[in-house]
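For reference, the structure discussed in these notes is given below.
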Amino acid sequence: MAMIRSQAAKHASIVGAMKAITGTSNARASFARGRCVRGTYIPSDRADEVTTSQSFTRPSRVLARFSVDGNLKGSEMGNLVLRGFSFRLGGGDHRSDILTQSAPIHYARKVDQMVEFLNMRRPRASGGPDPVKMRAFSAAHPETRHQADYVAAHPLPPSFADTTYWAVHAFPATNANGERQFIKFKVAPVVGDAALPGGEVKATSSDALDDDLQKRIGASDIRFSLMALLGRPDDPVLDVTIRWPNEDSREAVRLGTIVITAIEPDETCDGSVFDPGNLADGIGYPPDEIFAARRAAYAISLARRG
Ligand code: HEM
């Protein structure tokens, strides 16, 4: 019982720290700036090689949200700030929520490490976080730099539509033959990733991203391939701060196409939460402890939204 209480306190403190860092009082604890959209999902004829989940093997409507992380009041370097893309596929009892971001790794391996990482970034009464403490923490735990290093080395294109997103964790997928393997979800723009050449960093504000989104949707639809990167038996499935060996070049199956067709009133997305724990049969929960913490944290954040 005491153990459950301490876990719950940890999850609440993660949400509290996220809100302190991003400056959100009654909005989402992270990825607070965003735009709700809708569209359709068209499965490929190979989806059932990977999973029996009807969320991925049947056509359906899609509710989705593009977002930008970072401090709500802070200055923006939009090409170096993580972007999010959350989507809900499937109907009835077969809905799944997949939350993805523009980096393939997370910044902490364990929940305790995440709590420490976030608490260190809380603004102090005297202003921002303590840079000396942050440097010492990074030096002692180099894996907590992996995400920031990745983001710095991969400036993003000035459009949500040209960005590639990952769901980060390793998900166990079961197909109709009962075969189970780990997969990673990758969402790739159909036109190809227009990532900026290394070193070129332009400031793209979240308003500019939003304008671009509205223009693109006004002119046509926006298409992404939903890919399953196929795991191998010795892949590290418990550590979300590292990628699988040769992850970019390994075998992948295109599960289907997500077609974003229209802007949806923000209230539609704000009324509920994209919850990583919503997964229909055929895709299981990732086994790492960070994923388990997420299932609790999103509900806490929803309850604290205004
Ligand atoms: C590991 C990879 C992760 C990815 C890809 C990810 C992605 C996202 C995205 C895209 C959103 C915005 C949801 C929306 O559009 O409504 C979000 C929100 C949020 N994330 Fe994560 N996240 C990750 C890890 C975590 C972890 C480890 C925690 C905490 C333990 C966490 C806590 C939250 C919370 C509290 C929200 C706000 C929920 C709400 O009020 O709607 N995230 N995340």
- Message: Only helices at least 27 Å long along their own axis, judged from Cα atoms, and with Kyte-Doolittle mean hydropathy of 0.0 or greater: name those in the chain from DSSP H.
- Response: 2-22
- Query: Using the count of nearby Cβ atoms within 10 Å as a rough guide to exposure, how do Met134, Met227 rank from fewest to most?
  - Reply: Met134, Met227
- Message: Restricted to Cα positions, what overall size does segment 230-306 have along the principal axes? Three whole-Å values, descending.
- Response: 44, 32, 24
- Message: Would the chain count as rounded, prolate or oblate if I go by the C-alpha gyration tensor, calling it rounded below 1.5 in a/c and otherwise prolate when a/b exceeds b/c, oblate otherwise?
- Response: rounded
- Task: Fewest Cβ neighbours within 10 Å first, please rank Val50, Val253 accordingly.
- Result: Val253, Val50
- Net charge, Phe31 excluded, C-beta distance under 9 Å - Lys, Arg +1, Asp, Glu -1: +3
- Item | Efficiency of FRET from Cβ geometry, Asp234 and Ala9, R₀ 41 Å, rounded to 0.05 | 0.70
- Query: Distance in nm between label sites at Glu267 and Arg250, each 7 Å beyond Cα in the beta-carbon direction?
  - Reply: 4.5 nm
- Query: If you wrap segment 142-266's Cα atoms in a convex hull and average its projection over all directions, what's the area in nm²?
  - Reply: 10.0 nm²
- Query: Could you put Ser138, Ser102 in order, starting from the residue whose Cβ has the fewest other Cβ atoms within 10 Å?
  - Reply: Ser138, Ser102
- Item | Positive dipole terminus of the chain, leading residue within Ser60, Pro104, Pro142 (C-beta point charges) | Pro142
- Task: Multiply the residue gap between Ser138 and Ala153 by 0.36 nm, knock off their C-alpha separation, and tell me the result in nm, one decimal place.
- Result: 3.6 nm
- To the nearest 20 debye, the chain has a Cα-centred charge dipole, built from +1 on Lys and Arg Cβ and -1 on Asp and Glu Cβ, of 840 debye
- Cα-based Rg of segment 77-161 per 2.2 N^0.38 Å, rounded to two decimals? 1.37
- Centroid-to-centroid separation of segment 37-72 and segment 253-298 [C-alpha atoms, Å]: 9 Å
- Query: Under a point spin-label approximation (7 Å from Cα along Cα-to-Cβ), what is the Arg46-Ala219 distance to one decimal in nm?
  - Reply: 3.0 nm
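The numbers here are math on the coordinates, done by the rules we state, and not lab data. Remember, it's a predicted structure, so these values are computed and weren't measured experimentally. Virtual Cβ from ideal backbone geometry, glycine too; neighbours counted across all protein chains shown.
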